[in-house]
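Visitor: Below you'll find the structure I mean.
Quick note: the coordinates plus some simple rules give every number you see, no bench work behind them. Remember, predicted model here, so these are calculated numbers, not experimental data. Methodologically, a virtual Cβ is constructed for each residue, glycine included, from the backbone with ideal geometry; neighbour enumeration extends over all protein chains shown.
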Amino acid sequence: MIIIGISGYARSGKDLFTSVAQKVLKEHGIKSEKFALAYELKNDLKSLIKTKIGIDVFTDDTQSKSIIRPLLVAYGDVMRKTSEGKYWTAKVSQRIDKSKADVVFITDIRYDVYPEDECTWLNRKMSGKLIHITKFKQSTVPQGKRFSKNNRNDRP
């Protein structure tokens with residue numbers, strides 16, 4: 001099994017990259033599966049947040065997400081600190097162990113603070129590779145500027 005961790009800022013395209021990669025792998029008969037540490041966090045808090053706040057932690061509604069985000073971040077941080085970075089990775093490890101996929105993607109690798117934190121866990125314990133995604137912003141090329149040295153005007 002090949003394990004690939006994905007890192008990058010919010011909205012940088014981590015899930016998009018994973019979806020495209022999974023589609024390409026599937027076209028070549030390679031089975032893949034996607035996991036997220038944040039899924040485990042949300043799963044831990046889903047009943048509490050639904051009961052006390054009335055919001056589904058898996059909502060796509062931006063306003064609802066902004067209401068529960070501070071609680072999710074705080075809980076995630078507390079569990080990382082009390083376990084020295086192992087709480088969330090241990091949960092994902094259990095899911096990966098049950099997977100029959102040839103390639104596994106973990107779409108939210110972020111921390112490298114503790115000796116067994118997410119990046120180290122991915123690299124050393126899981127023998128995985130880390131890919132960092134950066135959002136590309138295309139802008140117009142200023143007039144008269146070209147990226148190629150082969151200017152059409154230079155041709156005979």
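Visitor: Taking other Cβ within 10 Å of each residue's Cβ, how do Glu27, Glu118, Glu40 sort, fewest first?
Guide: If I rank by nearby Cβ atoms, fewest first, I get Glu27, Glu40, Glu118.
Visitor: Can you compute the FRET efficiency between Ala10 and Asp61 using 1/(1 + (r/R0)^6), with r the Cβ-Cβ distance and R0 = 25 Å? Round to the nearest 0.05.
Guide: 0.95
Visitor: Rounded to the nearest 5, what % of the DSSP beta bridges within the chain are antiparallel ones?
Guide: That works out to approximately 0 percent antiparallel.
Visitor: Can you sort Arg69, Arg110, Arg95 so the residue with the fewest Cβ neighbours within 10 Å comes first?
Guide: The fewest-first ordering by Cβ neighbours comes to Arg69, Arg95, Arg110.
Visitor: Please state, rounded to one decimal and in Å, the Kirkwood hydrodynamic radius that segment 65-133 gives when every pair of distinct Cα atoms enters the mean of 1/r.
Guide: 13.1 Å
Visitor: Would you mind calculating the relative contact order of the chain from Cα pairs under 8 angstrom and at least 6 residues apart, reporting the percent as a whole number?
Guide: Rounded, it is 41 percent for the chain.
Visitor: I've got another one for you. Specify the angular offset, from 0 to 90 degrees and rounded to the nearest 10, of the alpha carbon long axis of helix 62-82 from the longest principal axis of the alpha carbons in the chain.
Guide: Its long axis makes an angle of about 70 degrees.
Visitor: If I stretch the segment between Asn43 and Asp112 completely, what's the gain in nm (0.36 nm per residue apart, minus their alpha carbon distance), one decimal?
Guide: Between Asn43 and Asp112, full extension yields an extra 22.5 nm.
Visitor: Restricting to Cα atoms and excluding each atom paired with itself, what does the Kirkwood estimate give for the chain in Å?
Guide: Hydrodynamic radius (Kirkwood, Cα only) of the chain equals 18.1 Å.
Visitor: Follow-up question, since we're still on this one. Determine, for Lys52, Lys46, the number of other Cβ atoms within 10 Å of each Cβ, and report the residues in order from fewest to most.
Guide: Lys52, Lys46
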